[in-house]
Every structure is written in structure tokens, then in C-alpha cells.
Amino acid sequence: MNSHRQQPSASPFPASPGKIQPLTFVLIHGSWTDASFWDGIAAELRAMGHNVHVLKYPGHDGDPNTNVQHAMLSRSVADYIVSHGLRDVVLVGHSFGGTIVQKTAELVPDRLKRMVFMDAFVLKDGESLIEEVPPQAQALFDQLRASSGNNTIMLPFPLFRETFANLATLEQARWLYDRIQPEPAGPLYEKLDLKAFYKLTTPRSYLYLTEDNVLPQGQPGYGWHPHMSSRLGLFRLLKSPGDHMSTARTHPRWIAWRLYEAGRD
């Protein structure tokens, strides 16, 4: 026996210097929150050496105008990207923010490196977001919208606690709930023309947080993955433990690293 036979390497992959690929991230939050949703995650990404832009958009972040249209939101993101001269952008949308990614991508496809959907809605052409929630939730949102007096929807705490912050402690859930804002209802009910989106060849990724209970888990016709993610065609899938809102606050480093893996070459 040849005792000098070369031993296999510990990894089948080529040796890697372990360097982080610097990326430009544009982060878009979802409903019932604001740009502060990304605070911890953005800090972690910046510490890794990335260029990070956390966007505010109409109807949110203290904007008193609740009579907004979806086109206003996507246009504001596209205008920001252009006015700041951003290119090779990793455009990240969380939850409702996925629909803004879809429409923004139509407006500035040449400036995007990749789209990343983080437990985000990926709507079909001609569909509205409200069509993607179960009938009982639709009925509740209709009722809350009608009774708001200003065309908004405010989540009741029990619903928020069990579905948006199910991994949080009660104290954490109450802290988060005290900071959520009524959501302008109009964009949630708009049917979006997405023909141009579905012709794009921009690379895309889907980050699935496995304990996210906002959409029913395992119920046919609903859910984040594979129901939403499969609409992206060819895409990169990543998974991480997490719920819809609290994990971004409690474990920002987890999420930041997964977003990097979603966005890198």
C-alpha cells in the first residue's frame, strides 16, 4: 500500500480567501412598519462593508397622506436609485415591499444586479395583494378599512402577536406593536399590471423565514414558499429561522448574512 497517497482536501470547493464581495443594497420595508425595520440589519450589512440605502416611501414613515397609489411608491424608489446614481443594486423587499420591488424593477431594470424577496409577495400579472390572503383575513381587512375613516388598516394586537411576531416574547411583541402604523389600504387593493416584470431577466432570490405565520403554512394556495417564490421562475432559495417582524430586531446578523448570500455572485 502506498502510504504517501495524497489525502483528500477537507472541502471539495476551491480554496477561498474568505473576502466579502461589496454590494449595494436598497432595502424596502413592508406594511405596518417603517424604515426602522431595517436598522439592525442595515448596521450589520454596513459593518460587512456594503453600501446600504434604507428607503422611505409615501404614506409611511410619518407621512400623513394615506391616500397613496402603488405607482407613487415604486416611482419614489426608482427616483431615489436614479438620483443617487446607484447601479448594480441588490433591491430587497420585505412582505408588501415585494410588490414595490416588482414595479420598481420595471422602471430601472438596467440599474439592478439582483432582486431579493424576503418573505415577500410576488404577485401575478393583474392581481392585487389582498387576493393573496385567505377569505377570513380579507373580510377582516375590509371591515377595518371601512371603519378607519381615512382608508387605512390597523392590525388588532392578537392578530399581530400570533402571526407577525410569533417568535417574540409578549414584551417584545407589545414593544413592536406600539411602533406599528396604520397601513394605507389603497395599494393593497390595486390590481398591478406586471407584464413587463415577467419579461425581465434580472436575477432573483427568495429568502424564506421558516416560522413566518403571516400567510398560512402548508395551506394549498397560500404561503411564502413555494407558493410565492415559485412565481420567480429561476431563482436562488435561502432559508433561515425567523418570523415576520421580530427576528429582524432580535437576530439582525442572521438576516444580514442571508441577504448577502442572496445578493452575491
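What follows draws every value from the coordinates through simple rules; no lab data is involved. Here the structure is a predicted model, which means the values were calculated and not measured. No Cβ is skipped: glycine too gets one built from the backbone with ideal geometry, and neighbour counts run over all protein chains shown.
Using C-alpha pairs below 8 Å separated by at least 6 residues, the relative contact order for the chain is 22 percent.
Each peptide in 133-140, 28-35 receives the mean, over its residues, of other Cβ atoms within 10 Å, and ordering these scores from highest gives 28-35, 133-140. Measuring between their Cα centroids, the stretch 150-194 and the stretch 53-96 lie 19 Å from each other.
May I ask you to order 216-222, 50-56, 244-250 by the average number of other C-beta atoms within 10 Å around their residues, highest value first?
Values: 216-222: 10.6, 50-56: 18.9, 244-250: 22.6.
Listed from highest to lowest mean packing, they are 244-250, 50-56, 216-222.
Indicate the gyration tensor shape class of the stretch 58-186 (rounded, prolate or oblate), computed on the Cα atoms with a ≥ b ≥ c the square roots of the eigenvalues: a/c under 1.5 is rounded; otherwise a/b larger than b/c is prolate and the rest oblate. Note, shape of the stretch 58-186 comes out prolate. Modelled spin labels at Gln69 and Asp193, positioned 7 Å past Cα toward Cβ, are 1.1 nm from each other. Working ranking of peptides 86-97, 173-184, 106-117, 191-202 by packing, defined as the average number of other Cβ atoms within 10 Å per residue, highest first, is 86-97, 106-117, 173-184, 191-202. Residue-wise HN-Hα couplings along the stretch 213-218, as the Karplus relation 6.51 cos²θ - 1.76 cosθ + 1.60 with θ = phi - 60° gives them from phi, are 10, 5, 9, x, 7, x Hz; Gly and Pro carry x.
Is there a quick way to get the dipole size of the stretch 185-265? I mean about its Cα centre, with the Cβ of Lys and Arg at +1 and of Asp and Glu at -1; what is the value in debye to the nearest 20?
On the way: 11 positive and 7 negative charges, 53 e Å.
The calculation lands at about 260 debye.
Per-residue 3J(HN,Hα) values for the stretch 97-104, derived from phi via the Karplus relation 6.51 cos²θ - 1.76 cosθ + 1.60 with θ = phi - 60°, read x, x, 5, 6, 4, 4, 6, 5 Hz in sequence order (x marks Gly and Pro). Across the stretch 162-176, rounded Karplus estimates of 3J(HN,Hα) from the backbone phi angles (6.51 cos²θ - 1.76 cosθ + 1.60, θ = phi - 60°) give 7, 10, 8, 9, 5, 8, 7, 6, 4, 5, 5, 4, 5, 4, 5 Hz, Gly and Pro being marked x. Antiparallel beta bridges, as assigned by DSSP with both residues in the stretch 24-263, represent about 10 percent of the total such bridges. A straight Cα-to-Cα reach below 13 Å connects Lys239 with the aspartates and glutamates Asp119, Glu211, Asp212, Glu261, residues fewer than 8 places away in its own chain not being considered.
To the nearest 0.05, what FRET efficiency results for Glu127 and Lys19 with a Förster distance of 51 Å applied to their C-beta separation? Here the calculated transfer efficiency is 0.80. Between Leu192 and Gly126, Glu127, Ser128, the built amide H atoms are under 5 Å apart, and every one of these is 5 or more places off in sequence or on another chain.
Could you tell me whether the stretch 124-174 comes out rounded, prolate or oblate from its Cα gyration tensor? Rule is a ≥ b ≥ c as square roots of the eigenvalues, rounded for a/c under 1.5, then prolate if a/b exceeds b/c, otherwise oblate. Oblate, because a/c is 1.5 or more while a/b does not exceed b/c.
For the stretch 145-256, what class follows from the C-alpha gyration tensor (a ≥ b ≥ c being the square roots of its eigenvalues): rounded when a/c is under 1.5, otherwise prolate if a/b is larger than b/c, else oblate? Don't jump to the answer; show the numbers that get you there.
Numbers: a/c = 2.04, a/b = 1.20, b/c = 1.69.
Judged from the Cα gyration tensor, the stretch 145-256 comes out oblate (a/c at least 1.5, b/c at or above a/b).
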